[in-house]
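Q: Before we start, here is the structure in question, set down as structure tokens.
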Amino acid sequence: MRPSLSSRLKVLSDSPMKIIASLLGPAGANVIRLHAGEPSLPPPLELVDQVVDDLRRPESYAYTPVTGLPELREALAEDLRADGIDVTPDEVAITSSGTTSIFGVLSAILDPGDEVILTDPTFMMYRPVIEYLGARARWVRSPPEEGFQPDVEAIKEAIGERTKAIVVVDPDNPTGRLMRPEASRALAEVAQDKGVYLLVDEAYRRIVYEGSYQSPQRYAPDNVVGLGSFSKDPGVPGLRVGYVYGPKELVEAYAELNGHMVFGASNASQLFVLRYLRWRGREAFIRSVVEEYRRRRDAAVSAARRHLPSAKFMVPQGSMYLYLDLSPLVSDSERFAAELASRHGVTVMPGTAFGPSGRTFVRVTFVSQQPDRLEEGIRRIGAALS
């Protein structure tokens, strides 16, 4: 008799990954894919050439420590300190992707029956993992009329005896909101006062168009945990490298789990990131990436204003997305996204992937296409609505 699979897997099979799979029909030149947060600019080619040379050395194929290459942890800690995040290499771990960071950190801090406060909307990977671990996601609405800024007082009121963590994404996915400094500090102080972790997903901390990212870690270093990725500004999502920083005991707990999950991130991928962090041309490269993505953002905003005149949205300050409220024309965003893909050849993410309030929203990625393709994709959304 074949053994049965874990009943907990149903939580993951009902997750937004299933929504994504349902949108992906046959590829074709006429299909405009606006659903995935995947950079479309190539990484620095001179670094690629250097890593090719690294791969000729036998040591490039060895196992790495579960917390990452020591020289990479040192380089990352130095980079974080330059951004006002005061950490040592012992408070940093290299991970085999940002999503691995999410799964590992939540596994380290949650017991069945615990609660995690999620802002509504938020990145789609958190809720399924929380529920898979036997914990509960507690949603607190971030009001669109307030630019999707976290409602600090509502979050404070939502904290209960079983609350272990608050999660915020900054800059935000899906809304593109950049947290105001006063909100960032207030959330850190709430976490410290209540004795909970503040998990800050900062995958887009270098993709900022107006303003600047400021980590709340400086206000509560014992309570703030940063989760990051190297998929976005260097443009290497397929290399699968991320990081975690925070209190040393949490980083050590993560390392214990990581040793049983994947052991360590790819040696070659870590060597690429190490060269990237130490590359003299890095800041100029990031400026060029942000400038190009700002051009595409502005093209998407202009197209939305032309072709979706009834849509409500904010101009994103960071990250890679427009989060469009299509009410009252859309009341079931999953159904609308499915019809948009099958009948109009455009894929978008339905807002329900990001929280309970997303029934009338869709997320459009503006970095994956050139402006003319963005224009055509958004025109098709308008045609579908009409």
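The values are calculated or read from the model by the stated rules, or taken from the named source; none is laboratory data. Please read all numbers here as calculations on a predicted model, not as lab measurements. No Cβ is skipped: glycine too gets one built from the backbone with ideal geometry, and neighbour counts run over all protein chains shown.
Q: Looking at segment 267-313 only, could you name the residues that are in contact with a strand residue (DSSP E or B) (Cβ under 7 Å, 6 or more places away or on another chain), buried (at least 20 other Cβ atoms within 10 Å of the Cβ) and over 23 Å from R240 (Cβ atoms)?
A: A300, A304, L308, A311, F313
Q: Same structure again: Tally up the residues in segment 317-335 that are in a helix (DSSP H, G or I) and touching a strand residue (DSSP E or B) at 6+ places or on another chain (Cβ under 7 Å), please.
A: Qualifying residue count, segment 317-335: 2.
Q: Also, quick follow-up: Within the bounds of segment 21-30, is there any residue that is among the hydroxyl-bearing types (S, T, Y), under 20 Å from V241 (Cβ atoms), out of contact with any strand residue (DSSP E or B) (no Cβ under 7 Å at 6 or more places or on another chain) and modelled with pLDDT under 85?
A: no
Q: List the number of the failed condition for D111; all other conditions in (1) at pLDDT 95 or above; (2) outside any helix (DSSP H, G or I); (3) within 16 Å of V196 (Cα to Cα) hold.
A: Against the list (1) at pLDDT 95 or above; (2) outside any helix (DSSP H, G or I); (3) within 16 Å of V196 (Cα to Cα), D111 comes up short only on (1).
Q: Next question, about the same structure. For segment 133-151, indicate whether the set of residues that are buried (at least 19 other Cβ atoms within 10 Å of the Cβ) and part of a helix (DSSP H, G or I) is non-empty.
A: The answer is no; no qualifying residue exists.
Q: Condition first: part of a helix (DSSP H, G or I) and among the small types (G, A, S). Now tell me which residues in segment 280-316 satisfy that.
A: Once the filter is applied, which keeps residues that are part of a helix (DSSP H, G or I) and among the small types (G, A, S), segment 280-316 yields A284, S288, A299, A300, S302, A303, A304.
Q: Hey, does segment 252-267 have a residue that's free of Cβ contacts under 8 Å to residues at least 60 places away in the same chain, acidic (D, E) and farther than 27 Å from I109 by Cβ?
A: No - not one qualifying residue is present in segment 252-267.
Q: Further question on the same structure: Of all the residues that make up segment 191-214, how many are surrounded by fewer than 23 Cβ atoms within 10 Å (Cβ to Cβ), under 27 Å from R294 (Cβ atoms) and among the small types (G, A, S)?
A: 2
Q: Shifting gears a bit: Any residue at all in segment 205-219 that is under 16 Å from S97 (Cα atoms) and in a loop (DSSP other than H, G, I, E, B)?
A: For segment 205-219, residues under 16 Å from S97 (Cα atoms) and in a loop (DSSP other than H, G, I, E, B): present.
Q: Would you mention how many residues in segment 220-265 are within 17 Å of the chain's Cα centre (by Cα), part of a loop (DSSP other than H, G, I, E, B) and under 12 Å from S97 (Cα atoms)?
A: Of the residues in segment 220-265, 6 are within 17 Å of the chain's Cα centre (by Cα), part of a loop (DSSP other than H, G, I, E, B) and under 12 Å from S97 (Cα atoms).
Q: Taking into account only those residues within segment 314-333 that are surrounded by 21 or more Cβ atoms within 10 Å (Cβ to Cβ), closer than 13 Å to R297 by Cβ and of a type in the set (A, V, I, L, M, F, W, C), which is modelled with the highest pLDDT?
A: Result: L322.
Q: Quick check on segment 179-191. Is at least one of its residues out of contact with any helix residue (DSSP H, G or I) (no Cβ under 7 Å at 6 or more places or on another chain), closer than 24 Å to L76 by Cβ and either in contact (Cβ under 8 Å) with a residue 60 or more places away in the chain or assigned to a loop (DSSP other than H, G, I, E, B) (or both)?
A: yes
Q: From (1) in the same structural domain as G345 (by TED's automatic domain parsing); (2) part of a helix (DSSP H, G or I), pick out the condition that doesn't hold for H35.
A: (2)
Q: A follow-up question, please. Condition check: modelled with pLDDT of 95 or more and touching a Ser or Thr at 6+ places or on another chain (Cβ under 7 Å). Does V190 satisfy that?
A: For V190, the condition - modelled with pLDDT of 95 or more and touching a Ser or Thr at 6+ places or on another chain (Cβ under 7 Å) - is not met.
Q: Condition test on V168, is it within 24 Å of L322 (Cβ to Cβ), of a type outside the set (S, T, Y), modelled with pLDDT of 95 or more and not in a loop (DSSP other than H, G, I, E, B)?
A: Yes, satisfied.
Q: Does I130 satisfy the condition of being within 17 Å of N223 (Cβ to Cβ) and either of a type outside the set (K, R) or in the same structural domain as A255 (by TED's automatic domain parsing) (or both)?
A: Against the criterion (within 17 Å of N223 (Cβ to Cβ) and either of a type outside the set (K, R) or in the same structural domain as A255 (by TED's automatic domain parsing) (or both)), I130 does not qualify.
Q: Exactly one of (1) in contact with a strand residue (DSSP E or B) (Cβ under 6 Å, 6 or more places away or on another chain); (2) part of a helix (DSSP H, G or I); (3) of a type outside the set (D, E) is unmet by V362. Its number?
A: Only one criterion in (1) in contact with a strand residue (DSSP E or B) (Cβ under 6 Å, 6 or more places away or on another chain); (2) part of a helix (DSSP H, G or I); (3) of a type outside the set (D, E) is unmet by V362, namely (2).
Q: Could I ask something else about it? If you go through segment 64-100 one residue at a time, how many are assigned to a helix (DSSP H, G or I) and in contact with a strand residue (DSSP E or B) (Cβ under 8 Å, 6 or more places away or on another chain)?
A: Total satisfying the criteria: 9.
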